[in-house]
Amino acid sequence: MWLEILLASALGLVIYWFFSGDKEDTLPLGDGWWGPGARPTAPEDESIRPFKVETSDEELNDLYRRIEKVRLTPPLENSRFHYGFNSSYLKKVLSYWRDEFDWRKQVAVLNKYPHFKTKIEGLDIHFIHVKPPQLPAGRTAKPLLMVHGWPGCFFEFYNIIPLLTDPKSHGLSDEHVFEVICPSIPGYGYSEASSKKGLNSVATARIFYKLMLRLGFQEFYAQGGDWGSLICTNIAQLVPSHVKGLHLNMAFVVRNFHTLTLFLGPRFRKLFGYTERDMELMSPLKEKMFYSLIRESGLRPQ
Ligand SMILES: *[C@@H]1O[C@H](CO)[C@@H](O)[C@H](O)[C@H]1NC(C)=O
């Protein structure tokens, strides 16, 4: 009985999906202003200013003082991490950040690439912009926007940047040489946070699109993971003709139909187009899709 109902709903969805088609919806570009107070009437200062990451003794001493002043309560006996972060372990983490981590060295690492800031929609937007040190004769670099996620920042891309901007020196083909732009999402890293409610992935997408235009790129490639994946998808939906290619390393699939196939797939593998390998990766479904997610995200059930 339940199976029949499920099958009927599945069939209904298939028919709906078939006739509604995969429409390529574009999103309206719109506009926004997220700075504090009222939007000024004067046009925005569009200058691009160089920026350097800096720290000082004062800032570091303040940080050390705050780490030293932490008040920890002992963990429940044998609770491991099951009742939140175990405070005996937290002591090790704190001593690492207090006594081992070399902040000044890290600041130098962060400044390895050129940083900039520019005002967009009322916010000071931070980004790094890395050009290829050399280009094969007669070729131009491909502009690539790379957008980080949560809880990350532009630093996510530090290791891959040389492979993209200077592939030859890393034993790779120089068929594709990129010029890389990694902005900080408003409120992350060195980008100003919104003063207004409602700054979402679409607004961020529009801000980064404006950034690419300001840098002189009418057409560009985009790569994103986590929030960056949604933001880059939104850019492609807002201005498809400006996006030459989109690469995502965390693709959000939010189709009801897709969720249904997860449950019916194991029973009707061929009907839903799953391969044997897909089945191997997906089953047992409860373990692979739910328990592992819960465990890996720190919500481990007893
Ligand atoms: C806290 O975590 C550490 C490291 O995993 C472990 O050795 C210790 O037993 C834990 N403490 C409690 C109270 O569970």
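Quick note: the coordinates plus some simple rules give every number you see, no bench work behind them. Source: prediction; values computed, not measured. FYI the Cβ positions are ideal-geometry reconstructions off the backbone, even for glycines, and counts take in every protein chain you see.
The ranking of Y188, Y89 from fewest to most other beta carbons within 10 Å of each one's beta carbon is Y89, Y188.
Amide H contacts of D124 (H built 1.01 Å from N, in plane; Pro and chain starts excluded): E192 sit under 5 Å, all sequence-distant by 5 or more or on other chains. Applying the Karplus relation 6.51 cos²θ - 1.76 cosθ + 1.60 with θ = phi - 60° to region 270-282 yields 3J(HN,Hα) values of 5, 4, 9, x, 8, 8, 4, 5, 4, 5, 4, 5, 8 Hz, where x marks Gly and Pro.
In terms of Cα atoms, the Rg and Dmax of region 152-296 work out to 19.2, 52 Å.
For region 52-129, relative contact order (Cα pairs under 8 Å, six or more residues apart, normalised by length) works out to 30 percent.
Using the Cβ-Cβ distance between R49 and L163 with R0 set to 45 Å, the FRET efficiency from 1/(1 + (r/R0)^6) comes to roughly 0.95. Among the trypsin sites (Lys or Arg not before Pro) in region 180-272, those located in a DSSP loop and surrounded by at most 12 other Cβ atoms within 10 Å of their own Cβ are K197, R255, R267, K270.
Computed extension gain for A141 through R269, at 0.36 nm per residue and net of the alpha carbon distance, reaches 41.7 nm. FRET efficiency for the K112 to R66 pair, using the beta carbon distance and R₀ = 30 Å, is estimated at 0.60. The relative contact order of region 72-227, computed from alpha carbon pairs under 8 Å that lie at least 6 residues apart in sequence, is 25 percent.
The antiparallel fraction among DSSP beta bridges confined to the chain stands at about 50%. Separation of the alpha carbons by more than 32 angstrom is noted, of K197/K288; K105/K196; K69/K288; K112/K142; K69/K286, for K197/K288; K105/K196; K69/K288; K69/K286. Among the GluC sites (Glu not before Pro) found in region 51-98, those both in a DSSP coil and sparsely packed, with 14 or fewer other Cβ atoms within 10 Å of their Cβ, are E54, E77.
Segment T26..T259, full-extension length gain: 81.5 nm, with 0.36 nm per residue of separation and the alpha-carbon distance subtracted. Each residue, K131 and E287, gets one label point 7 Å from its Cα in the Cβ direction; the gap between the two is 5.4 nm.
Per residue, the convex hull spanned by the Cα atoms of the chain measures out at 237 cubic angstrom. Restricting attention to region 169-201, which GluC sites (Glu not before Pro) occupy a DSSP loop and are surrounded by at most 16 other Cβ atoms within 10 Å? Here the GluC sites (Glu not before Pro) that fit, given the DSSP loop and packing criteria, are E175. Mean residue ellipticity at 222 nm, helices only, the chain: -9500 deg cm²/dmol; runs of at least 4 DSSP H residues each add -39,500 (n - 2.57), and the sum is divided by the number of residues.
Among G189, G224, G273, the largest mean-square fluctuation in a Gaussian network model of the chain, built with springs joining Cα atoms closer than 10 Å, belongs to G273.
Given their separation in residues at 0.36 nm each and the Cα-Cα distance between them, H82 and L13 gain 20.8 nm when the chain is fully extended.
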